[in-house]
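Notes follow the structure.
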Amino acid sequence: MAYSEKVMEHFANPRNVGELPDANGVGEVGNPKCGDIMRMYIRVEDNVIRDVSFKTFGCGAAIATSSMATELIKGKTIDEALQLTNRAVMEALDGLPPVKVHCSVLAEQAIKAAVSDYYRRLGIDPVPIVGELHDCEEESCACGGH
Ligand code: FES
């Protein structure tokens, strides 16, 4: 399966790239299978993600999914951002080849990691709100082990 035009477009022109100097939540996740790393920065005000950016050291699909994920959560409430699944990110990109599904999981997990960091900075335990972060090799992962 080839990459969709949307994947290629977000890979070539990723949105919201770089660090966010005034971020109040930063999350980093790594993919144990491929070794790629994604870092997500969020600036939360009044429970809303006012700004978001990312840095991804990884494959083209990881860059495209991070880019799309930032677009999908910008301006959304924390609750809405936490509901964003890797499947929704993939759908927004018109699909990914099966071997690249795990790259979209990285984007979902990076958002959760950034929100967890936001809560931790406030002295709030993020686990009851965000849940445990997991990597791709766990059964609970939506990607099914890809
Ligand atoms: Fe590593 Fe895509 S191959 S995130």
Among (1) in contact (Cβ under 8 Å) with a residue 40 or more places away in the chain; (2) open to solvent by less than 70 Å² (accessible area, probe 1.4 Å); (3) among the hydroxyl-bearing types (Ser, Thr, Tyr), residue 53 falls short only on (1)
Flagged pairs (Cβ under 8 angstrom, 6 or more apart or on separate chains; first in the stretch 115-134, on the phi < 0 side of the Ramachandran plot; second hydroxyl-bearing (Ser, Thr, Tyr) and surrounded by fewer than 20 Cβ atoms within 10 Å (Cβ to Cβ)) are 125/119; 126/119; 129/119; 130/119; 134/140
Mind checking whether some residue in the stretch 98-118 is over 21 Å from residue 51 (Cβ atoms), surrounded by fewer than 22 Cβ atoms within 10 Å (Cβ to Cβ) and away from the ligand (no atom under 16 Å from the Cβ)?
-> no
> Does the stretch 81-97 include one or more residues that are closer than 13 Å to residue 107 by Cβ, open to solvent by 50 Å² or more (accessible area, probe 1.4 Å) and either among the polar types (S, T, N, Q) or in a loop (DSSP other than H, G, I, E, B) (or both)?
Replying inline: yes
Residues of the stretch 18-51 being in a strand (DSSP E or B), more than 16 Å from the ligand (Cβ to nearest atom) and touching a strand residue (DSSP E or B) at 6+ places or on another chain (Cβ under 7 Å), in sequence order, are 25, 26, 41, 42, 43, 44, 48, 49, 50, 51
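Could you list, in sequence order, all residues of the stretch 74-133 that are of a type in the set (Lys, Arg) and either out of contact with any strand residue (DSSP E or B) (no Cβ under 9 Å at 6 or more places or on another chain) or modelled with pLDDT under 95 (or both)? Break it down stepwise before answering.
Of the residues in the stretch 74-133, the ones of a type in the set (Lys, Arg) are 74, 76, 87, 100, 112, 120-121.
Hits for the stretch 74-133 are 87, 100.
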The lone condition residue 61 fails out of (1) away from the ligand (no atom under 16 Å from the Cβ); (2) within 16 Å of residue 100 (Cβ to Cβ); (3) of a type in the set (A, V, I, L, M) is (1)
All-but-one check, residue 23 against (1) of a type outside the set (Asp, Glu); (2) within 22 Å of residue 121 (Cα to Cα); (3) open to solvent by 30 Å² or more (accessible area, probe 1.4 Å); (4) more than 14 Å from the chain's Cα centre (by Cα), failing number (3)
Going through (1) under 13 Å from the mean Cα position of the chain (by Cα); (2) over 23 Å from residue 124 (Cβ atoms); (3) open to solvent by less than 20 Å² (accessible area, probe 1.4 Å) one by one, residue 42 fails only at (2)
What do you reckon, is residue 84 over 15 Å from residue 6 (Cα atoms) and in contact with a Ser or Thr (Cβ under 7 Å, 6 or more places away or on another chain)? no
The residue from 17, 48 that alone is modelled with pLDDT of 95 or more, open to solvent by less than 30 Å² (accessible area, probe 1.4 Å) and β-branched (Val, Ile, Thr) is 48
Those residues of the stretch 69-80 that are open to solvent by less than 20 Å² (accessible area, probe 1.4 Å) and under 19 Å from residue 10 (Cβ atoms) come to a total of 3
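The values are calculated or read from the model by the stated rules, or taken from the named source; none is laboratory data. In this text, all values refer to a predicted model and were calculated from it rather than measured experimentally. Glycine also receives a Cβ, built like all others from the backbone with ideal geometry; neighbour counts cover every protein chain displayed. Protein only, heavy atoms only, side chains kept; ligands, DNA and RNA dropped before computing areas. Shrake-Rupley method; radii C 1.70, N 1.55, O 1.52, S 1.80 Å.
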